[in-house]
Structure formats: structure tokens, C-alpha cells
1. Could you list, in sequence order, all residues of the stretch 278-332 that are of a type in the set (Val, Ile, Thr), in contact (Cβ under 8 Å) with a residue 60 or more places away in the chain and touching a Leu at 6+ places or on another chain (Cβ under 9 Å)?
2. Taking the stretch 226-237 as the region of interest, how many residues are assigned to a loop (DSSP other than H, G, I, E, B) and either crowded, with 19+ Cβ neighbours inside 10 Å or over 25 Å from the mean Cα position of the chain (by Cα) (or both)?
3. Listed residues ALA313, ALA388; which is open to solvent by less than 10 Å² (accessible area, probe 1.4 Å), closer than 30 Å to THR417 by Cα and out of contact with any strand residue (DSSP E or B) (no Cβ under 6 Å at 6 or more places or on another chain)?
4. I'm trying to understand the selection: among the residues of the stretch 321-338, which are out of contact with any Pro (no Cβ under 9 Å at 6 or more places or on another chain), open to solvent by less than 80 Å² (accessible area, probe 1.4 Å) and assigned to a helix (DSSP H, G or I)?
5. Just to be sure before I move on: is GLY322 under 31 Å from the mean Cα position of the chain (by Cα), farther than 30 Å from SER201 by Cβ and of a type outside the set (Lys, Arg) in the structure I sent?
6. Which residue pairs have Cβ atoms under 9 Å apart, sit 6 or more places apart or on different chains, and have a first residue in the stretch 194-213 that is farther than 19 Å from GLU157 by Cβ and a second that is at pLDDT below 60 and crowded, with 18+ Cβ neighbours inside 10 Å?
7. Testing SER223 on (1) crowded, with 17+ Cβ neighbours inside 10 Å; (2) in contact with a helix residue (DSSP H, G or I) (Cβ under 7 Å, 6 or more places away or on another chain); (3) under 25 Å from GLU403 (Cβ atoms); (4) not hydrophobic (A, V, I, L, M, F, W, C), one condition comes back false. Which one is that?
8. Here is a list of conditions, (1) at pLDDT 90 or above; (2) more than 19 Å from ASP358 (Cα to Cα); (3) in a strand (DSSP E or B), and ILE297 meets all of them except one; can you say which number that is?
Amino acid sequence: MRTVAETIQNLQQSVSFSNATTAIPLQQTSDNNGNCTSSRTDDLARPRNISYQRYDQEVISTDVFAPLCAKTVYTDNISRCHEYIRLGESYELCLTTQLVLDTATISTINFTPQMNLTCAINGETSSLSKHTQTQVTEKITSLQEYLNIDPYSIYEELRNSNPAPFASFLRLDPAWQMPVDRKAIRTSQNSVFNKLPTSMSLAVCSSSPERFLSLSSKGILESKPIKGTCPRGVGSKHDKELATALQRSEKNAAENLMIVDLIRNDFGRICKVGSISVPSFCELESFSSVHQLVSTILGELKDGYSAIDALVAAFPGGSMTGAPKKRTMELLHDLEEKKPRGPYSGCMGYISPNNAMDMNIVIRTAVISPSSCVSGSRTNGLKIHVGAGGAITALSDKDDEYEEMILKTRAVVSAITRVLNRVLKEKYISPSGHLLDPSDDIAIALSCSSRN
């Protein structure tokens, strides 16, 4: 016969989240000394008639991603861009920010605020001991382990949910600080990772729709900048209306014109005279979540020039800077608080031995590194950055630009939260939507309010 304290200490498989409570009755009795105890009667052992509450709610929402700057700061920066344009400092500025999530903090964000731990004994409620609350907190903290996932699983989800022509995955992790799925084949100690001249750990999961620069083996150079984005509509009629409005937008046409002119100027440094052309301008391209306007610039590389020469002449991509490029980058450096963009807005791709090349623009991308929250000698969780922004011109509306920036993060952020929720459900929730292995000793209810 167990006392209440002894029974409560058995917390394994007894925790339920987001107000999903499993109630298991206990019989109250007294021992020889008159102390109140709680035990299960034989007919209550693994009761078959318990009705478990279904778990249909997503534990992790897209709101767990926090912007590096608040909406008011971002819109104020747009106003500063307008002032730079009015003063003639720039024609167009590609202002960006990033959304950030540290999975090691998810248990704190989602589960621990205003936590109310109670146990139900014969319909009465009593508080759990401090020791028991510590045990429950440790149970919740274990989420950090479950959410320390292989970055490649995020890339797989992106490939499935948001396919893009220039999707790519890159992992630099010489010290194996980020997890690798057990199903994956882990390379040996002689891995190329161990030969890299760096100790950093980084994974880039990109579903980029934009080509920065390609070079054929015959020397034909191509760039396809994207300027102008809108969401897909609900139904074919609404979808067509949104696409038409995007194509007719004076602002979007101006954005494309300025960036096409900038790239033609970059190409002029490395291409043969008279070879540069614009075969398509503001052409509509549609993807699973957005419509976009794309222009194509072509040129023939000068004799004796290589793919590296082309990259040096054109990097960074004009669609991620603005025009004129150098002065606009100086302005953006101040507007974005001198914080580096990292891989975001750079490029990824390949260069072949025959001088052929294809590089994307790193947008619609998650940049993943080990969490900054360290437990002992280990890192629990991942830190994920999702960058986005938009071109600011004299015709830009502050609220519209902010909403477009958020729209550009939606596909990536949604894919990440789906992966995280899937991991949690596989750990805690049965296929029927019930908690896995509810405790047969006591009911623990975690009544948790989210940060919102």
C-alpha cells in the first residue's frame, strides 16, 4: 500500500499538456496509525472505462518565432528608407529582418508560465509537494531533448510542403554538435567534416525559388531576380485576381526595373559588349504559397573570365540590396543595426570543373545552429533563424511591406512547427489522439497558459 507522497513520486508517463487531463480515481484509506493513504483497489488497476481527453491542439504554434525587431521598429525603418529616397541617397532599399526560435526555450515558453500542478484524489484537489513539482519540471525540460532534431528533417518537410526550383541543403558540423537521425547513415571519423578549417556548426535548409546566377559551360550567364510577391488566393477566381493585381502593380514594376538595370550594370563588367539582354520582364511565377514576379537577364561571359569572376562582379545579388548597390548597402547596414544577415540573402550552389555554375539566392530559408542554452557540456536544442524582407521604394506602404515580410516567412516557419509538433506527438500522443501510457497511479494536471 502506497502513501499519497509515494504515489505522486511515480511521475513517469503521467504528464499531459495543454489542459489535456487524465483522471484516474484513487481509493482513500487509513493505515494502522490513522494516517490518510491512497491506494488502488484491484478493480481500479488499469481501469478500462477511463475516458481520456483527446489531444487535437498543436502544442507549438508559429507564434513561438520571435522577430529580431518589433513591427513598430520595422515600420519606422521603412519611414527612414522613404527619407533616404527623398534625399536621393537611394532609389530602392531591400530592408530585412529575421524571426528566431531557440527550441531549448520552448518548454519555458509554452508550458511553464502560470503552471498549476494538482492531483485529484476522490474528487478533491490538493497541491503537489515542491519535490514533485521539481520532478514535473524535469519532465517538461526533457522536451529540449526531443526537440533537438536533425536539421535535415526540416529540409525534408520544406521539400514536401514548399517545393522550389533552387532548394538546397548544407550542413557544416565538424564537431557533430547537431543531431543526426538514427535512420540516417552517419559518416565515419574520416568524414570531410573533420577536414574543414572551421569549428562552427551550421545547417542551411533552403526552399529558394530564386536564381542568383548561372553560367553554362558555353559561357552564357543568367540571373533571374524576384521582385513582387503576393499570397495565393482562396479558389481559382480569387487566386487569379491576386495574380493580376500583382502584375499590374506600378510599384512592383518599378522594383523590377531598378533591379534589372542594376544587374545589367553588374553584367557589363564581365560580359561581352552587346551580349546583354532581358528576354523576360515581370513574368509571373506561381508556387504553393505565393505568386511572384521574375525577370531574366542574360549575357555572354568575356573570354578568359571564370565563374568566380562572375560571382565577384555580381555578389551580393541586387534583389537583396537595392540600387545603387554600394551606397544602399551602407544605409541598410545602419538600418539593420549593423547585425550580419548570415547566410540569409547570400547564395548557395555549385561550380563545376568545366566552369559551369548555378547559384540561388538564400531566401525562404532556415539557418540552424546549436542552441545557445547549454546544459553541462551539452547543447539542448537548436537555434533557428528565418530571414525575410522586401524592397522599399517611394511607393511602399509601411503596413503592406510588413505583411509581405511576414508572408515570406510563413512557408518555412509553418514547416518547422509541423516537424516540432510531429516529434512531440510521436513521443506523447497515440495515433487516436490520446495521451500515451497514462499513469495508473495518479492524475497530474498541468494547466498551462501560453505566452499569448
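1. At the first step, the residues of the stretch 278-332 found to be of a type in the set (Val, Ile, Thr) are 278, 290, 294, 296-297, 308, 312, 321, 328.
Filter again for in contact (Cβ under 8 Å) with a residue 60 or more places away in the chain, leaving 290, 294, 296-297, 321, 328.
Selection gives VAL290, VAL294, ILE297, THR321, THR328.
2. Of all residues in the stretch 226-237, those assigned to a loop (DSSP other than H, G, I, E, B) come to 232-235.
Cutting the leftovers down to either crowded, with 19+ Cβ neighbours inside 10 Å or over 25 Å from the mean Cα position of the chain (by Cα) (or both) gives us 235.
Of the residues in the stretch 226-237, 1 are assigned to a loop (DSSP other than H, G, I, E, B) and either crowded, with 19+ Cβ neighbours inside 10 Å or over 25 Å from the mean Cα position of the chain (by Cα) (or both).
3. Values: ALA313 fails: closer than 30 Å to THR417 by Cα.
Selected residue: ALA388, the only one of ALA313, ALA388 that is open to solvent by less than 10 Å² (accessible area, probe 1.4 Å), closer than 30 Å to THR417 by Cα and out of contact with any strand residue (DSSP E or B) (no Cβ under 6 Å at 6 or more places or on another chain).
4. Step one: filter the stretch 321-338 for residues out of contact with any Pro (no Cβ under 9 Å at 6 or more places or on another chain), giving 321-324, 326-328, 330-338.
Those still in the list that are open to solvent by less than 80 Å² (accessible area, probe 1.4 Å) too: 321-324, 328, 331-332, 334-336.
Result: THR328, LEU331, LEU332, ASP334, LEU335.
5. Working: under 31 Å from the mean Cα position of the chain (by Cα): yes; farther than 30 Å from SER201 by Cβ: yes; of a type outside the set (Lys, Arg): yes.
Considered against the rule, which asks whether it is under 31 Å from the mean Cα position of the chain (by Cα), farther than 30 Å from SER201 by Cβ and of a type outside the set (Lys, Arg), GLY322 comes out as yes.
6. From residues that are farther than 19 Å from GLU157 by Cβ, the pairs are SER201/THR379.
7. Failing condition for SER223: (3).
8. Only one criterion in (1) at pLDDT 90 or above; (2) more than 19 Å from ASP358 (Cα to Cα); (3) in a strand (DSSP E or B) is unmet by ILE297, namely (2).
The values are calculated or read from the model by the stated rules, or taken from the named source; none is laboratory data. In this text, all values refer to a predicted model and were calculated from it rather than measured experimentally. Cβ: placed from backbone, ideal geometry, glycine included. Neighbour counts: every protein chain shown. To get the accessible areas, we keep the full protein, side chains included, count just its heavy atoms, and leave off ligands, DNA and RNA. Shrake-Rupley method; radii C 1.70, N 1.55, O 1.52, S 1.80 Å.
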